[in-house]
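This report concerns only the one structure given below.
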Amino acid sequence: MPNIMPGQRWISSAEPELGLGTILRADARQSDIIFTGCGELKHFTHAASPLLRVRFAPGDCLHMDGAARRVDAVTEDAGGTLNYHCDADILHEGSIDPEQPHLPSALRLLVGQYDAAYLFELRRRALQAGFLDQEAFELFAMALLGHFGCRFTPVSEHVFLLDAGTSGLDPGFDKGTPCRFGSDEGSEAGHFIHGGHPLMQEALERFLQSRAGCASFLIDDTLPARSAVLESVFRSTEGAVSLLALDVRGNLLTAYAPNEQAVFRSRDSGIELKPFMRSLTQIYPLLLESSLEHAAATDAGTLEALRLVVGAEFALFGKKNR
């Protein structure tokens with residue numbers, strides 16, 4: 001476990017509902033932490049502690065006084081506590097809200113905050129929306145707008161009627177107007193929805209701000225028993241998006257994709273992570289560390305999203321005397 005110092009913010013993987021806690025006292029073996037959101041004081045022995053360090057990174061969104069703030073840079077002082085630079089403000093980690101709607105992506109699996117697996121795919125495509133070809137953009141646009149409740153009625157090939165009445169999005173045109181996805185150059189028929197259309201811009205901005213899909217967990221029965229693959233999405237400062245997949249042996253999987261049926265089944269199923277927690281704490285941090293090392297070696301940029309895909313018997317990874 002990293003050095004625990006007074007003033008740092010940590011979260012309990014056993015009781016994430018307590019929110020962020022602040023270290024009051026710590027020595028080499030034990031620490032006291034106050035969870036200010038609920039007023040509980042707890043005592044932990046480091047050897048068996050469920051505490052996880054909360055460290056936001058540049059590009060992450062944190063909340064202070066109920067308002068969302070984007071982290072531009074992070075510095076650490078001599079006492080081991082963090083300062084978050086948000087626009088012109090410097091926020092000490094002890095001053096941020098104990099309830100954080102969007103924990104760092106890398107931390108969310110270990111506290112049971114994960115999304116349906118298909119949302120990981122949608123986030124990856126949202127990050128690279130400007131680089132999709134015509135067919136891929138059409139599929140992405142329908143999936144993104146469908147995520148917000150838009151309904152489509154086919155008229156002819158690549159032509160649809162779009163009803164956004166129950167979605168909360170404003171399409172800017174009547175639902176009886178036929179629409180196409182893509183450029184409107186060289187054609188006069190129908191209404192065209194492209195990447196710069198206000199409807200797409202609103203949906204894309206809302207989806208990316210929601211952090212949906214930035215951490216996902218999937219059980220894929222087609223994977224070998226007790227195996228796992230970590231997929232991670234990185235974005236460079238130039239906006240280039242790269243996908244990295246690693247198996248439990250650290251092998252790079254250049255053409256990996258989970259079983260489509262497994263992803264489809266995950267849309268409406270909630271996976272209880274409690275039976276998997278021992279395995280997660282043993283396997284996931286090592287996979288994440290390897291993924292971050294590969295990303296750093298290739299200048300892939302910052303971590304934007306991840307999905308852990310496991311075999312049906314993944315829970316047995318952490319069982320003793322197996």
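Bear in mind that the values in this text are calculations on the coordinates, not laboratory data. Just so you know, these numbers come straight off a predicted model, no measurement behind them. Cβ sites come from the backbone with ideal geometry, for glycine too, and all protein chains shown count toward neighbours.
Look at the dipole of segment 9-102 built from charges on Cβ: of L20, A88, A67, the Cα furthest out on the positive end belongs to L20. Between R278 and A48, the distance separating the two model label sites (each 7 Å from Cα on the Cα→Cβ line) works out to 1.4 nm.
So if I take the centroid of the Cα atoms in segment 1-72 and the same for segment 142-182, what is the distance between those two points in Å? Answer, in whole Å: 44. Taken about its Cα centre, the chain carries a charge dipole of about 1400 debye when Lys and Arg each add +1 at the Cβ and Asp and Glu each add -1 at the Cβ. Within the chain, the selection of entire DSSP H helices by a Cα span of 15 Å or greater along the long axis and an average Kyte-Doolittle value of at least 0.0 returns 134-147, 277-297. Per-residue 3J(HN,Hα) values for segment 95-110, derived from phi via the Karplus relation 6.51 cos²θ - 1.76 cosθ + 1.60 with θ = phi - 60°, read 9, 6, 5, x, 9, 10, x, 10, 5, x, 3, 5, 8, 5, 4, 6 Hz in sequence order (x marks Gly and Pro).
Would you please classify the overall shape of segment 185-322 from the alpha carbon gyration tensor, given that a ≥ b ≥ c denote the square roots of the eigenvalues, rounded means a/c under 1.5, and beyond that prolate means a/b larger than b/c while oblate covers the rest? If you can, show how the numbers build up before the last one.
Details: a/c = 2.46, a/b = 1.73, b/c = 1.42.
Because a/c hits 1.5 or more and a/b exceeds b/c, segment 185-322 counts as prolate.
Each of Q261 and L316 was given a label point 7 Å from its Cα along the Cα-to-Cβ line. The distance between the two points is 2.1 nm. Stretched out straight at 0.36 nm per residue, the stretch from F192 to A28 would grow longer than its current Cα-Cα span by 52.7 nm. For segment 9-102, rounded, prolate or oblate, judged on the Cα gyration tensor with a ≥ b ≥ c (square roots of eigenvalues), a/c < 1.5 rounded, else prolate if a/b > b/c? Note, shape of segment 9-102 comes out prolate.
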